[in-house]
1. Which of the following residues is of a type in the set (D, E, K, R) and in contact with an Asp or Glu (Cβ under 9 Å, 6 or more places away or on another chain): B:Asp184, B:Asp207, B:Asp234, B:Asp191?
2. Run down A:Leu128, A:Leu120, A:Leu101 and say which single residue is hydrophobic (A, V, I, L, M, F, W, C) and crowded, with 24+ Cβ neighbours inside 10 Å.
3. Being under 29 Å from A:Gly126 (Cα atoms), of a type outside the set (Val, Ile, Thr), open to solvent by 40 Å² or more (accessible area, probe 1.4 Å) and modelled with pLDDT of 80 or more is the requirement here; does A:Gly209 meet it?
4. Select from the stretch B:230-258 the residues that are crowded, with 17+ Cβ neighbours inside 10 Å, part of a strand (DSSP E or B) and out of contact with any Ser or Thr (no Cβ under 9 Å at 6 or more places or on another chain) and list them in ascending order.
5. Which strands (runs of 3 or more DSSP E) sit wholly inside the stretch A:425-501 and have at least 2 residues that are open to solvent by 30 Å² or more (accessible area, probe 1.4 Å) and modelled with pLDDT under 90?
6. Of everything in the stretch B:44-63, what is near ligand 2 (Cβ under 9 Å from one of its atoms) and surrounded by fewer than 22 Cβ atoms within 10 Å (Cβ to Cβ)? Give them in sequence order.
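The values are calculated or read from the model by the stated rules, or taken from the named source; none is laboratory data. Bear in mind the structure is a predicted one, so any value in this text is a computation, not a measurement. Cβ sites come from the backbone with ideal geometry, for glycine too, and all protein chains shown count toward neighbours. To get the accessible areas, we keep the full protein, side chains included, count just its heavy atoms, and leave off ligands, DNA and RNA. Shrake-Rupley method; radii C 1.70, N 1.55, O 1.52, S 1.80 Å.
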Amino acid sequence: MFTLSLSTLRDRRQLFAGALVAIALGVALVQASLHVLTSVSDPVIPAGLSAAERDEMREGFVGASVVMGLQAPLVVFLAVFVVGSTCSFAVAQRRRDLALLRLLGAGRGQTRRLLVTESLVLGAAGALCGAPLGVVMTWIQTRVLEQVGFVPAGFQPVYWNWGAVLAAGATGAGIALLGSWNAARRAGRVRPLEAMADTGAAARVMTPGRWCAGVLSLALSALLVAGGQAADPIGAITIAMALSVVGAVALSALSPLVVPLVARLFGLVFRRSLLGGLAEANIRDGARRNASVAAPLITLVALVLGLSGALGVLARSIGVEQERLTRGDLVVTSADGASAARLAGIPGVADVSSQLAVPASVTAKVRKDGARAARPHTFDERVVAVDGAAYERARTLAPTSGSLADLHGDAVAVGPAVSAEGFSTPRVGDTVTVTADGVERVLRVVAVLPETLEIGDEFLIAKDALPTALLAAAPGESIVTVAPGASVDEVAERIRAAGIGDTESVAQWAQGKADVQQDGNDKVFAVLLGLAGVYALIGVINALVIATAERRTEFAVARLSGLERRQVVRMAVVEACAVATIGLVLGGLVAAAGMAGMAKSTAAATGTAIVVVPWGTLAATVLGAFAVTVGAAVLTARAATRERPAALAAART
Amino acid sequence: MGQNLLDRAEGSQAARAGDVALEMRQVVRSYGTGEARVRALDGVDLTLDAGSWVAVMGPSGSGKSTLLQCAAGLDGVDAGQVLLFGEDLAGADDRRLTRLRRDTVGFVFQNFNLVASLTAEQNVALPLRLAGRRVGGAEVRRALDGVGLGDRGRHRPRELSGGQQQRVAIARAMVAKPKVLFADEPTGALDSTSARVVLSLLRRMVDGAGQTIAMVTHDPIAAAAADAVVFLADGRVVDRMERPSARRVAERLASLEV
Ligand SMILES: Nc1ncnc2c1ncn2[C@@H]1O[C@H](COP(=O)(O)OP(=O)(O)O)[C@@H](O)[C@H]1O
Ligand SMILES: [Mg+2]
């Protein structure tokens with residue numbers, strides 16, 4: 001039996017190489033994720049930095065570990081999905097071989113054992129190749145994090161942790177085994193008769209298992225779309241990711257059902273060409289094959305479009321929310337409080353609410369993550385100095401308790417950021433200690449503001465509680481309301497002329513907030529889908545190579561019956577286009593469902609249903625999908641037609 | 001006791017003359033449903049004596065391949081009985097059918113069905129190894145020698161001509177010493193010289209080792225090499241000819257095809 005495996009290995013290099021590549025890369029990627037995740041979760045912060053630098057670095061690491069915490073399960077899923085589908089596809093491709101073995105007296109158990117042994121060997125080989133590759137991947141993933149600024153330049157991750165290496169290897173080998181286990185079970189039922197059919201009787205594509213996986217995941221996706229209303233960004237990204245993943249599994253499982261439709265479509269498009277009918281028949285006949293190639297593509301498209309759409313909605317809704325919460329005509333950004341104070345004197349200005357960022361630390365007793373007792377925690381970024389009454393006029397965000405009208409004297413309001421950062425908020429009447437310019441003061445909490453989509457400020461302090469010199473030097477933003485009858489443009493011009501600062505409309509300012517968020521989102525996207533996306537893409541190419549390599553005989557017969565080599569290659573290209581179409585349409589469908597869910601939840605949160613179609617990403621995805629599948633199809637079809645057709649067609653099986 | 005052992009040893013090689021190797025009674029096998037329903041076998045009665053060679057002939061689509069597949073237990077039947085050495089195939093589970101394929105039946109096909117990745121020797125040894133038997137190199141080489149391919153043991157199928165591939169397939173069928181060999185157009189893809197070699201090998205299996213052969217063919221010359229010819233039309237046995245000659249077979253076939 002072992003000879004048989006070995007010689008099959010020699011003869012079906014592409015098949016085994018494809019599975020090996022999928023396993024090794026999957027193992028490497030999982031290993032890299034685990035290494036980077038543990039490295040950023042427990043970073044070594046170099047000594048000799050200022051407190052502020054250390055804080056900034058620590059914050060970066062926290063962001064990195066949150067994103068890597070999402071990336072790791074995504075990578076594990078992709079590895080499981082790609083390895084599983086590649087291995088079971090590889091087994092399905094050998095159906096005829098297996099039938100012949102059965103015909104010659106192999107029992108069900110023997111066929112199963114053969115496949116399982118093979119996948120064990122393959123899984124072990126993949127894990128071994130994956131381990132050193134994982135070191136390279138760890139380096140790449142760290143450079144991505146460094147590039148987007150999550151970790152400081154020159155950050156050294158852990159490159160070799162036996163736990164991570166073994167876990168990744170076991171994942172890869174285990175999934176290879178599981179993937180072919182199921183296929184092997186089915187292969188055990190291959191009827192010997194199939195060896196005799198000339199074309200290899202088409203196996204049933206929609207197996208009960210496939211139906212079951214498809215329908216269950218579809219139901220789960222529907223639940224995610226309907227119920228997935230996340231308030232915070234990370235929650236929204238998590239749900240979008242989960243939906244992309246589950247939806248992609250569902251539609252990948254059910255994709256053989258749409259293959260005939262797409263085949264018909266291509267038949268109509270290429271009606272006039274000689275190859276049209278042939279391609280249509282081939283696409284339909286190769287439903288299993290085409291579904292296998294489309295599966296990683298569906299996942300990739302769903303993830304790329306779903307995530308970039310979700311992140312786009314997130315950024316846009318922050319802009320919408322900020323615009324809605326702000327009552328005024330202009331937002332003036334000034335370099336110091338002294339300039340901002342001159343705003344009230346500009347002709348045509350009816351009202352000004354300045355928010356000055358003052359360097360100060362606040363120590364409050366708060367709880368985090370459900371810890372029992374509230375402990376003193378120091379928020380040392382900055383506080384925002386406001387005039388309570390003016391702030392209340394310019395911002396429509398109503399406190400959940402207390403009143404902003406009381407924000408004067410020794411008073412403080414708890415801003416949206418405290419709860420957004422996961423702390424329990426102090427209650428109205430509690431006291432907090434504020435240290436500004438070396439002076440410590442105890443202030444009373446008079447209001448607690450609710451969480452907003454934008455993280456916002458931690459504490460708002462009445463201006464009269466802070467030293468004037470500190471206020472005069474603090475940079476800030478001021479919301480300006482123009483007097484009735486005065487022209488907004490003219491007032492803006494006067495503010496600029498007076499050298500107070502930059503002015504923009506509230507809408508422009510809110511858009512700026514959205515843009516800042518989008519910048520952050522792009523970084524998250526790069527970290528999440530950079531390597532994982534490349535892996536999924538390799539999965540697509542892999543499946544295509546396996547699929548085409550197994551068609552050598554079919555191509556040879558087509559050429560013997562009169563097709564030129566060029567025509568055979570073109571036929572393979574048409575089929576690759578059909579596969580790309582299936583991947584794009586189904587992946588896009590998943591993303592669209594996610595978008596519908598988000599539109600519903602943003603409508604509830606901001607009053608406007610926000611839909612963002614990431615056109616740039618969409619165009620790149622469509623072009624990329626066609627380019628990659630067509631490129632891979634041309635190369636593999638050319639390779640598969642290199643031999644003389646007569647030799648191949650004669651040596652059947 | 002000694003007699004008993006001898007009996008069994010002999011039984012595994014060939015049944016004694018006079019035994020019935022295969023009996024088909026009123027076998028029906030149809031494909032498709034509704035409008036597209038085809039009765040490939042429509043009440044076939046057929047008896048094959050052990051140690052005999054029967055050719056099955058008939059127009060294309062008359063059910064020859066289906067008959068062979070049902071007789072060998074590769075395909076189930078809708079109605080009727082298939083008895084292989086007295087054992088009813090209808091009730092047999094996969095385990096018994098697997099054992100049957102290991103010990104009792106062998107196959108040769110028009111398109112050879114060799115495993116492309118294995119050498120000739122490995123292909124010949126495959127059924128024995130699947131049956132869990134130790135395979136001596138000498139045994140395999142003797143089988144290849146027997147079909148005149150002693151020097152081609154290390155070649156892979158694609159390096160062999162069609163006739164040579166078919167001889168490897170026959171060596172593979174011979175080495176397992178099946179009691180019944182089912183052959184579907186074994187000479188169909190061969191030139192006449194190769195075909196003659198293959199037919200003489202089959203004759204040797206019947207006369208030398210006492211094996212039984214059921215062979216589908218559309219070539220009257222090939223059919224004439226058999227002991228008897230059964231004619232099939234529209235899924236029914238319409239005629240049987242003992243000690244056939246090529247001319248008589250061709251005439252009978254022509255009358256069926258109009
Ligand atoms: N797997 C199948 N599915 C549907 N119809 C079949 C199948 N196999 C054979 N048939 C039909 O059964 C009839 C007999 O086929 P077959 O036994 O192959 O004929 P022969 O070998 O004599 O040419 C034909 O009409 C054929 O179309
Ligand atoms: Mg036939």
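1. None of the other options fit; the residue is B:Asp234.
2. A:Leu101
3. yes
4. Matches in the stretch B:230-258: B:Val230, B:Val237, B:Met241.
5. A:431-436, A:439-448
6. Passing the criteria: B:Ser60, B:Gly61.
To keep it simple, each residue is scored yes or no on (1) farther than 23 Å from B:Gln26 by Cα; (2) within 16 Å of ligand 2 (Cβ to nearest atom).
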site: B:Val175; (1), (2): yes, no
site: B:Leu181; (1), (2): no, no
site: B:Arg196; (1), (2): yes, no
site: B:Ser200; (1), (2): yes, no
site: B:Ala222; (1), (2): yes, yes
site: B:Gly235; (1), (2): no, yes
site: B:Glu242; (1), (2): no, no
site: B:Arg248; (1), (2): yes, no
site: B:Leu256; (1), (2): no, yes
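Yes/no matrix, rows are residues, columns are (1) in a strand (DSSP E or B); (2) among the small types (Gly, Ala, Ser):
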residue: A:Arg316; (1), (2): no, no
residue: A:Gln322; (1), (2): no, no
residue: A:Gly328; (1), (2): no, yes
residue: A:Ala338; (1), (2): no, yes
residue: A:Pro347; (1), (2): no, no
residue: A:Ala357; (1), (2): yes, yes
residue: A:Thr363; (1), (2): yes, no
residue: A:His377; (1), (2): yes, no
residue: A:Ala385; (1), (2): yes, yes
